[in-house]
Amino acid sequence: MVEGSWSGQDCVLVGGGPSLGAFNWEILAAHPRVIVVNRAFQQAPTAQIFFTEDLDFIEQFAPLLYKFKGLKVFHCLDDAYRSRALAAVPDLHVVERVRPDKFWSKSFSDGLSYSSNSMIGALNIADLLGAFRIYL
């Protein structure tokens, strides 16, 4: 991930919740910049980035994540989770938690913003990549 590499581009962030049961996944084909969170990778296998902060999710879905062709990003909120996550999915791109507080990151070197919902970290990635408009 290179800061600003999506400058001027639109981006779509897709969560993995049950409210997307009737979502028309085909409309994502028109968007070249898509970040999926958690289970949404199953419905949008051509997304550029998969994102999660959930180690249990990685371990549970590891066999399916192997098939995902985009960048797989794990925001590691605890140093102890890194080795388990990489053991489950060796090609994960791990972003370490740098700060203990909730903040808005202005650089990947500062880590990522986080909250009680993984969508916040995904939104921070889209911002750092320089997305012009971000659709949720």
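Details
- Most positive-pole-ward Cα, A47, F61, L20, against dipole of the stretch 10-136 from beta carbon charges: A47
- In sequence order, calculated HN-Hα J values of the stretch 101-106 (Karplus, 6.51, -1.76, 1.60; Hz; x Gly/Pro): 9, 8, 8, 10, 6, 9
- Heavy-atom accessible surface of the chain, averaged per residue, reaches 53 Å², computed with a 1.4 Å probe.
- Gyration tensor (alpha-carbon) shape descriptor, the stretch 23-62, a/c threshold 1.5: prolate
- Under a 5 Å amide H cut-off, with hydrogens placed 1.01 Å from N, F50 pairs with V36, L71, K72, V73 among residues at least 5 apart or on other chains.
- Of (i) 103; (ii) 161; (iii) 142, the label for volume of the Cα convex hull per residue in Å³ derived from the coordinates: (i)
- Distances between placed amide hydrogens fall under 5 Å for L112 paired with V98, all partners being 5 or more residues away or on another chain.
- Percent accessible area from carbon and sulfur atoms, the chain, protein chains only, probe 1.4 Å: 53
The values are calculated or read from the model by the stated rules, or taken from the named source; none is laboratory data. Source: prediction; values computed, not measured. So basically every Cβ, Gly included, is an ideal-geometry build from the backbone, and we count neighbours across all protein chains shown. Heads up: the accessible areas ignore ligands, DNA and RNA and are worked out on the full protein's heavy atoms, side chains in. Shrake-Rupley method; radii C 1.70, N 1.55, O 1.52, S 1.80 Å.
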